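Engineer: Below: one structure in structure tokens.
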Amino acid sequence: MLSKKMQEVLNSQMNFEIYSSYVYLPMASYLKAKNLNGFYNWMQIQIQEELAHAMKFHDFIVDRGGDVIFEAIPKPNSKYNSVLEIFETAYNHEQIVTGRINDLIETALEEKDHATNAHLQWFITEQVEEEASVLSVVEQIKLYKDSPNGLFLLDQELAKRVFTPPTK
């Protein structure tokens, strides 16, 4: 059984994961409009991953006998000026998510909720991968900044990304 405090913070994170998918949707729209189909594919998969993360929180709350509480999702920024701006914003957002997961673990430890702590370890590993993945794209965009051919090759590479749903 989840404590009231643990249930509250897990619900908050579930809603933040939904918000994260919402943050990435206008980014995907920008990329699609620019015919950057590989970048668009990468962002579409990011959206799917965020929704899958939300469902992992949802299912965990239910499995632990908690109540799932849905909140209003804030409107995301929908104006971007460049591919670099999009991926720098995505990187910054992933750093915020990492901080939130770390805070969840602190709460689980304070509440002596070892089951939740164990559940959250998956997210720690995931966030290391998420940050590294986005940062890699940022660095490559910066490297190819003045090279349309380089950006084209990166777009081709990002088109290969596939969504793999997380296991329970």
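Taken together, the values in this text are just the output of simple stated rules run on the coordinates, not laboratory data. Note that the structure is a prediction, hence the values are computed from the model and not measured. Every residue, glycine among them, receives a Cβ derived from its backbone with ideal geometry; neighbour counts consider all protein chains shown.
Engineer: To the nearest 0.05, what FRET efficiency results for N37 and E71 with a Förster distance of 41 Å applied to their C-beta separation?
Structural biologist: 0.80
Engineer: If you stretched the chain out fully between T167 and Q48, how much longer would it get, using 0.36 nm times the residue separation minus the C-alpha to C-alpha distance?
Structural biologist: Fully extending the segment from T167 to Q48 adds 41.4 nm.
Engineer: Note down the magnitude of the dipole of the chain about its Cα centre, charges +1 on Lys and Arg C-beta and -1 on Asp and Glu C-beta and zero elsewhere, to the nearest 20 debye.
Structural biologist: So the magnitude is around 480 debye.
Engineer: How far apart, in nm, are two points set 7 Å out from the Cα along the Cα-to-Cβ line at N149 and at V62?
Structural biologist: Simple spin-label model gives 5.3 nm for this pair.
Engineer: Compute the normalised compactness of the chain: alpha-carbon radius of gyration over 2.2 N^0.38 Å, N being the residue count. Working shown, then result.
Structural biologist: Numbers: Rg = 17.2 Å, N = 168, 2.2 N^0.38 = 15.4 Å.
Ratio of Rg to 2.2 N^0.38 Å for the chain: 1.11.
Engineer: Which is farthest toward the positive dipole end of the chain among A33, Q121, Q46, measuring Cα position about the Cα centre, with Cβ charges +1 (Lys, Arg) and -1 (Asp, Glu)?
Structural biologist: A33
Engineer: Oh, and also: Assuming R0 = 35 Å, what is the FRET efficiency of K79 and W122, from their Cβ-Cβ distance, to the nearest 0.05?
Structural biologist: Details: r = 34 Å, r/R0 = 0.97.
Using R0 = 35 Å, I get an efficiency of 0.55.
Engineer: Roughly what would the spin-label model give for E111 and N92, points 7 Å off Cα along C-beta, in nm?
Structural biologist: According to this spin-label approximation, the distance is 3.1 nm.
Engineer: Which three extents, in whole angstrom, do the alpha-carbon atoms of the range 28-110 cover along their principal axes, largest first?
Structural biologist: Rounded to whole Å, the extents work out to 46, 22, 21 Å.
Engineer: Still on this structure, I have one more. For the range 91-104, in order, what is each residue's ³J(HN,Hα) by Karplus, 6.51 cos²θ - 1.76 cosθ + 1.60 with θ = phi - 60°, in whole Hz (x at glycine and Pro)?
Structural biologist: Per-residue couplings from phi come out as 4, 4, 5, 5, 5, 5, 4, 4, x, 5, 5, 4, 5, 4 Hz.
Engineer: To continue, here is another question. Which lysines have a Cα lying under 22 Å from the Cα of K56, excluding residues fewer than 8 positions away in the same chain?
Structural biologist: K56 reaches K4, K5, K112, K168.
Engineer: Compute the distance from the alpha-carbon center of the range 1-53 to that of the range 96-122, in whole Å.
Structural biologist: 19 Å
Engineer: Based on DSSP H runs of at least 4 residues, each adding -39500 (n - 2.57), what is the mean residue ellipticity at 222 nm of the chain after dividing by all its residues, to the nearest 500 deg cm²/dmol?
Structural biologist: Counting only the DSSP helices, I get -26500 deg cm²/dmol.
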